[in-house]
Amino acid sequence: VQRYRGAFHGYYLAAETGFWNWGNPEFLTRCFHTYFQRATNGVKDLTPDLPIMGSPYTVRCPGREEEAIATLIAVHEGCPFTALAPQDSIGTTMNDLVFLESGLDIWKAVCGAVGCEFWVNCESFCVTDYGGPLMTIVPAEFPRFAIQLDAAQRKGARKLITWEAIHFMNPAGSAAAQRLRREYLQHRSASGRSRRPKAGRRGAEVGVEKR
């Protein structure tokens, strides 16, 4: 328990959604909005002071940014989220670095419209051969991860988090995980930033402790 002190203590709405460039916005809104409203307002009815966090995902949708904003506002409005921490989706290949900042702009606008804090979930892994017979998930290379962190900070995210860093940045993990952790800590030390990403399991955020 002590290891995760300072983590997020609240309700994590595990259902994930995003704006699919090839999807039907009306279907997306109809499927998720009612559920999100019932779940989040139900939590507040039972525990009014409990924070609620969601972590939707980002999908590149060049040319449809305004439609994405309108759709995602419709999905999340009326839901008492404390914070939305959109996954930047760089690791899963649903997004790419070219669309990274545009995708964050979409979610920042959504958070402002629905009245919740804007966090960013920076993916610290890389999926190879996505959907193929040899698909693997490995720790990200730090130069790519650094771009994600810097973009999220520039966009004004209040907090940066990353799922599964207990594995992908594990000091006792694979050589790639140890390298990512080491290079991240070196970068943090050299930059002198006071705000740093949190690393944790789903539903939690914990500091990356230097050992």
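The values are calculated or read from the model by the stated rules, or taken from the named source; none is laboratory data. Model, not experiment: these values are computed from the prediction. Cβ placement follows ideal geometry from the backbone for every residue including glycine, while neighbour counts extend to all protein chains displayed. Surface accessibility is based on the protein's heavy atoms, side chains included, excluding ligands, DNA and RNA. Shrake-Rupley method; radii C 1.70, N 1.55, O 1.52, S 1.80 Å.
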Check: Given a cut-off of under 8 Å on Cα pairs at least six residues apart, what relative contact order in percent is computed for the chain?
Finding: 19 percent
Check: When the accessible area of the chain is computed with all protein chains present and a 1.4 Å probe, what percentage of it is carbon and sulfur?
Finding: 54 percent
Item checked: Contact order relative to length of the stretch 117-186, as percent, for alpha carbon pairs under 8 angstrom and 6 or more apart -> 36 percent
Checklist line | Long-range amide H partners of Gly18 with built H, under 5 Å | finding: Tyr57
Notebook entry, point to check: What angle, in degrees between 0 and 90 and rounded to the nearest 10, separates the Cα long axis of helix 175-191 from the longest principal axis of the Cα atoms of the chain?
Noted result: 80 degrees
Note to self: Just to be sure I understand, if you calculate Rg/Rh (Cα atoms, Kirkwood Rh) for this structure, which of (1) 0.96; (2) 1.07; (3) 0.99 do you get?
What the structure shows: (1)
Notebook entry, point to check: Rounded to the nearest 5, what is the percent of antiparallel bridges among the DSSP beta bridges in the chain?
Noted result: 25 percent
Margin query: Just to confirm the number: angle between the C-alpha axis of helix 142-154 and the first principal axis of the chain, 0 to 90 degrees, nearest 10?
Written below: 40 degrees
Next item on the list: Please give the solvent-accessible surface of Thr34 in Å², to the nearest 10, using a probe radius of 1.4 Å with every protein chain present.
Entry: 80 Å²
Notebook entry, point to check: For Tyr35, Tyr184, what's the largest-to-smallest order of accessible area, 1.4 Å probe?
Noted result: Tyr35, Tyr184
Margin query: With a 1.4 Å probe and all protein chains left in place, how much accessible area per residue does the stretch 29-174 have, in Å²?
Written below: 43 Å²
Check: Mind checking the dipole of the stretch 37-87: about its Cα centre, +1 per Lys or Arg Cβ, -1 per Asp or Glu Cβ, Debye to the nearest 20?
Finding: 140 debye
Check: Using a 1.4 Å probe, how large is the accessible area of Phe27, given in Å² and rounded to the nearest 10?
Finding: 110 Å²
Item checked: Sites Ile147 and Gln37 - FRET efficiency at Förster radius 35 Å, r taken between beta-carbons, to 0.05 -> 0.50
Next item on the list: Would you mind telling me which residue in Arg60, Arg154, Arg181 has the biggest mean-square fluctuation in a Gaussian network model of the chain, where springs connect alpha carbons within a distance under 10 angstrom?
Entry: Arg154
Check: How many lysine pairs are close in the chain, with Cα atoms under 25 Å apart and the two 8 or more places apart or on different chains?
Finding: 9
Next item on the list: Per DSSP H run of at least 4 residues, take -39500 (n - 2.57); add these up for the chain, divide by its residues and hand me the 222 nm value, nearest 500 deg cm²/dmol.
Entry: -12500 deg cm²/dmol
Item checked: the chain: most fluctuating residue of Pro48, Pro133, Pro25 per GNM, C-alpha cutoff 10 Å -> Pro133
